[in-house]
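The values are calculated or read from the model by the stated rules, or taken from the named source; none is laboratory data. This is a predicted model, so every value here is computed, not measured. Counting neighbours? That spans all protein chains shown, and the Cβs are built from the backbone with ideal geometry, glycine included.
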Amino acid sequence: MKITKIERIQFKKNIFRIFFEDSENLILSADTIVKFGLKIGLNISQDIYKEVISHNTLNRVVCDTLILLSKRSYSVKNLQTKLIQRGYESQKVDEAVKRLEELNYINDEKFAKTYAVYLSEKGKGEFAIKAELEKQGVERNLIKDVMAKIKTDIDPYEQIAKLLKVKFKNFNGENKNEARRALSFFLRRGFSYESIVKVFRACIKEMEDISIE
């Protein structure tokens, strides 16, 4: 297959159209052209032609992946799903993701830790954080490890106590209906029953101490 013309595509940086004498043409990145030494008059075999397409496709997947990552963080699984939805073959997606993992552009542990801290700052409890990380495609063993590592960053007692003052300003434990509403609120947020009760008891004790004084 002989290359007859190489033409830059207007308004697309470093993207070219390669024409062959049999009217075949390819849209390739400058990186692919340089890697394979493509130039006008060069004859390439069918095997090299397939390698060119494979390499160029992988580069395109990598570029799209980097664009996605520039906008927000992704777990490996969610990123793979997103790319496949865009029409890329799973094999190329796996290759691109693996390459970016090696370069540390994609890191599930880093993603999980950052997202867990973010959710805790939004008032989510441990159970809710674990469920959300699993929903994002993070493996259970990794979730367990990450949650263990960030316990010093996420104190459920402080989280509940802070939210209690904001959502239930006059909470004193005497109003049973309010106590049930508060309990239900924190359970929905993913906090453990034990942690919630511990804060409630401390709050009631504090109120009793104030009354005695």
Residues within the stretch 28-59 that are more than 17 Å from residue 95 (Cα to Cα), of a type in the set (A, V, I, L, M) and touching a helix residue (DSSP H, G or I) at 6+ places or on another chain (Cβ under 8 Å), tallied
4
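Give the residues of the stretch 95-107 that are assigned to a helix (DSSP H, G or I) and surrounded by 15 or more Cβ atoms within 10 Å (Cβ to Cβ), sorted by residue number.
Going residue by residue through the stretch 95-107, those that are assigned to a helix (DSSP H, G or I) are 95-102.
Hits for the stretch 95-107 are 95, 96, 97, 99, 100.
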Can you name the residue in the stretch 49-80 that is of a type in the set (Val, Ile, Thr) and surrounded by 15 or more Cβ atoms within 10 Å (Cβ to Cβ) and, of all such residues, is nearest to the chain's Cα centre (by Cα)?
76
Among the numbered criteria (1) modelled with pLDDT under 90; (2) not in a loop (DSSP other than H, G, I, E, B), which single criterion is violated by residue 131?
(1)
Since residue 118 meets every condition but one in (1) hydroxyl-bearing (Ser, Thr, Tyr); (2) more than 30 Å from residue 80 (Cα to Cα); (3) at pLDDT 85 or above, which condition does it not meet?
(2)
For the stretch 137-167, give me each residue that is buried (at least 18 other Cβ atoms within 10 Å of the Cβ) and in contact with a helix residue (DSSP H, G or I) (Cβ under 6 Å, 6 or more places away or on another chain).
138, 143, 146, 154, 156, 160
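Please work out if residue 113 is outside any helix (DSSP H, G or I), closer than 30 Å to residue 192 by Cβ and either hydroxyl-bearing (Ser, Thr, Tyr) or out of contact with any strand residue (DSSP E or B) (no Cβ under 9 Å at 6 or more places or on another chain) (or both).
Numbers: outside any helix (DSSP H, G or I): no; closer than 30 Å to residue 192 by Cβ: yes; either hydroxyl-bearing (Ser, Thr, Tyr) or out of contact with any strand residue (DSSP E or B) (no Cβ under 9 Å at 6 or more places or on another chain) (or both): yes.
No, not satisfied.
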Per the filter on the stretch 1-39, residues of a type in the set (Phe, Trp, Tyr) and surrounded by fewer than 16 Cβ atoms within 10 Å (Cβ to Cβ) are 11
Filter pass, residue 78 being in contact with a strand residue (DSSP E or B) (Cβ under 6 Å, 6 or more places away or on another chain), part of a helix (DSSP H, G or I) and either touching a residue at least 40 places away in the same chain (Cβ under 8 Å) or not assigned by TED's automatic domain parsing to the domain that holds residue 135 (or both)
no
Filter pass, residue 96 being in contact (Cβ under 8 Å) with a residue 12 or more places away in the chain, not assigned by TED's automatic domain parsing to the domain that holds residue 75 and not hydroxyl-bearing (Ser, Thr, Tyr):
no
Mind telling me which of the residues 58, 69, 28, 38 ends up being under 30 Å from residue 143 (Cβ atoms) and outside the structural domain of residue 114 (by TED's automatic domain parsing)?
69
Whether any residue in the stretch 194-206 is on the phi > 0 side of the Ramachandran plot and surrounded by 15 or more Cβ atoms within 10 Å (Cβ to Cβ) is what I want to check.
no
